[in-house]
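Heads up: the structure comes next, in structure tokens.
The values are calculated or read from the model by the stated rules, or taken from the named source; none is laboratory data. Just so you know, these numbers come straight off a predicted model, no measurement behind them. Cβ atoms come from the backbone with ideal geometry, glycine included; neighbour counts cover every protein chain shown. What goes into the accessible areas is simple: the full protein's heavy atoms, side chains included, and nothing from ligands, DNA or RNA. Shrake-Rupley method; radii C 1.70, N 1.55, O 1.52, S 1.80 Å.
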Amino acid sequence: MRKDKLIGIGALLALMMLAAVLFVPSINASVNKNELQQSENYLENHNEVKNIIFMVPDGMGLADVTAARIYKNGPDGASLYLETLENIGYQRTYSANSIITDSAAAGSAWACGEKFNNGEICYHADGKPYNPSILELAKADGKATGLVATSTITHATPAVFGAHVKSRNCENEIARQYIEVTGVDVMLGGGVAKFNSTKPDKCGTSGNFIAEAGLKGYPVVYTRAGMDSAVVNGTVKLLGLFNDSGMTPEYLRVPGTTEPGLPEMTSSALNILENNSDGFFLMVEGSQVDWANHANDLNYQLGETLAFDDAVKVVLDWINTSPERKEHTLLIIVPDHETGGFAINGPDKLLNASESVDAGWTSNEHTGVDTLIWSQGPGSKSLDRAVDNTDLYGVMVKALKQ
Ligand SMILES: [Zn+2]
């Protein structure tokens, strides 16, 4: 056989061997990578998060969900919107100094990833250092930030995301920090009095933070119409204060009221925050489920739970407008604790929609039972199990870092 032919065959063989050496590991690597890529968890947990939406039905237990569903759709009717999320788990709620937490300690566990004493707002009164909140981390990441609640917007749950104070009763100081320190972009809820006070609060703070907000470029509005026109005008910041203190309970709202409801405030916040191309962090609280249960008032509870669920629908509709949004939005819905020890004691017959169950109550206070977590989006797979409330911080921080 001619020499050059031999050389050609030899070269070919060498090439093939080289390819084998180079390619096989990459096949293995690509196969492993593909297998890994295919594994739901990997995909689920490694999509980059653009938006985090954190929703809190304050004081709501599972029995509240059942009662609201039966009232709205009947025992065999459709699920509530919050029940349609992909992952369901539950969380422990105890605080640093009690198995019965308050909203300040429970919220601080989510927002700052540690156990705090009841009443503390992401702040250790003993002087121990604390973590930046998930809202502050999102802001540092260039994201827009928003807080929506039906209580005063300076109340415990929204406060833990936007301030650090020794006591939840420092609502003037919380308002000051929102405007002067954290610079939360969108704040919608009650509490005009907290933003414009002459009497110092427990932290010694008073002042006119509404005027200051105006100087810092916030449109300040007091009605639904004001909110709507600020959104239409393309604002990227908004301070909406729709009541001197907490907002009107859902079951007492009258037609024609100038106060927006929770679903409307949620929709306006999304319309403003979505303008930020780096995404956003938004916390929405149905604050008064808790107040209804403190009062052992089922009508009040049903109104608040269903208004909160309508706000969930607003969020799901927003997410489902594009696959891109769905893939890059982490949505977590979680009560901070249960209130009232609410139980469904009857009736011992079937009910139709718009009929109420027979309520049982064990307390007018918070209880120590675990609460459910409903979630979907990047990182949420790790919430389909039993966790501690502080673990939610880790899930959100990790998602932010993806
Ligand atoms: Zn409470």
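Brief remarks follow.
- Every residue from segment 126-142 that is surrounded by fewer than 24 Cβ atoms within 10 Å (Cβ to Cβ) and out of contact with any Ser or Thr (no Cβ under 8 Å at 6 or more places or on another chain): D126, G127, K128, P129, Y130, N131, P132, L137, A140, D141, G142
- Only a single criterion out of (1) farther than 18 Å from N51 by Cα; (2) outside any strand (DSSP E or B); (3) away from the ligand (no atom under 16 Å from the Cβ); (4) not basic (K, R) is not satisfied by L392, namely (1).
- For segment 59-111, filtering for residues that are surrounded by 20 or more Cβ atoms within 10 Å (Cβ to Cβ) and without any contact (Cβ under 8 Å) to a residue 24 or more places away in the chain leaves 3.
- Flag if N389 is exposed (fewer than 15 other Cβ atoms within 10 Å of the Cβ) and either touching a residue at least 12 places away in the same chain (Cβ under 8 Å) or under 13 Å from the mean Cα position of the chain (by Cα) (or both): no
- For A163, the criteria (1) surrounded by fewer than 24 Cβ atoms within 10 Å (Cβ to Cβ); (2) among the small types (G, A, S); (3) touching a Lys or Arg at 6+ places or on another chain (Cβ under 9 Å) hold in every case but one, which is (1).
- Screening N275 with (1) of a type outside the set (A, V, I, L, M, F, W, C); (2) crowded, with 20+ Cβ neighbours inside 10 Å; (3) farther than 25 Å from S245 by Cα gives one miss only, at (2).
- Single residue of segment 339-381 satisfying the filter (within 16 Å of the ligand (Cβ to nearest atom) and open to solvent by less than 10 Å² (accessible area, probe 1.4 Å)) that is nearest to F54 (Cα to Cα): T371
- Residues of segment 77-114 that are within 16 Å of the ligand (Cβ to nearest atom) and either polar (S, T, N, Q) or in contact with a Gly (Cβ under 9 Å, 6 or more places away or on another chain) (or both): T93, Y94, S95, S98, I99, I100, T101, D102, S103, A104, A105, S108.
To keep it simple, each residue is scored yes or no on (1) open to solvent by less than 10 Å² (accessible area, probe 1.4 Å); (2) of a type outside the set (S, T, Y).
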| position | (1), (2) |
| --- | --- |
| K115 | no, yes |
| N118 | no, yes |
| Y123 | no, no |
| A149 | yes, yes |
| T154 | yes, no |
| E173 | no, yes |
| G189 | yes, yes |
| F195 | yes, yes |
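- Candidate set from segment 270-297 (those that are touching a strand residue (DSSP E or B) at 6+ places or on another chain (Cβ under 9 Å) and polar (S, T, N, Q)); member that is farthest from the ligand (Cβ to nearest atom): N275
- Among the residues listed as D290, D244, the single one being assigned to a helix (DSSP H, G or I) and among the acidic types (D, E): D290
- Some residue of segment 298-319 being open to solvent by 30 Å² or more (accessible area, probe 1.4 Å) and either within 16 Å of the ligand (Cβ to nearest atom) or not in a helix (DSSP H, G or I) (or both): no
- For S268, the criteria (1) under 20 Å from the mean Cα position of the chain (by Cα); (2) surrounded by 16 or more Cβ atoms within 10 Å (Cβ to Cβ); (3) assigned to a loop (DSSP other than H, G, I, E, B) hold in every case but one, which is (3).
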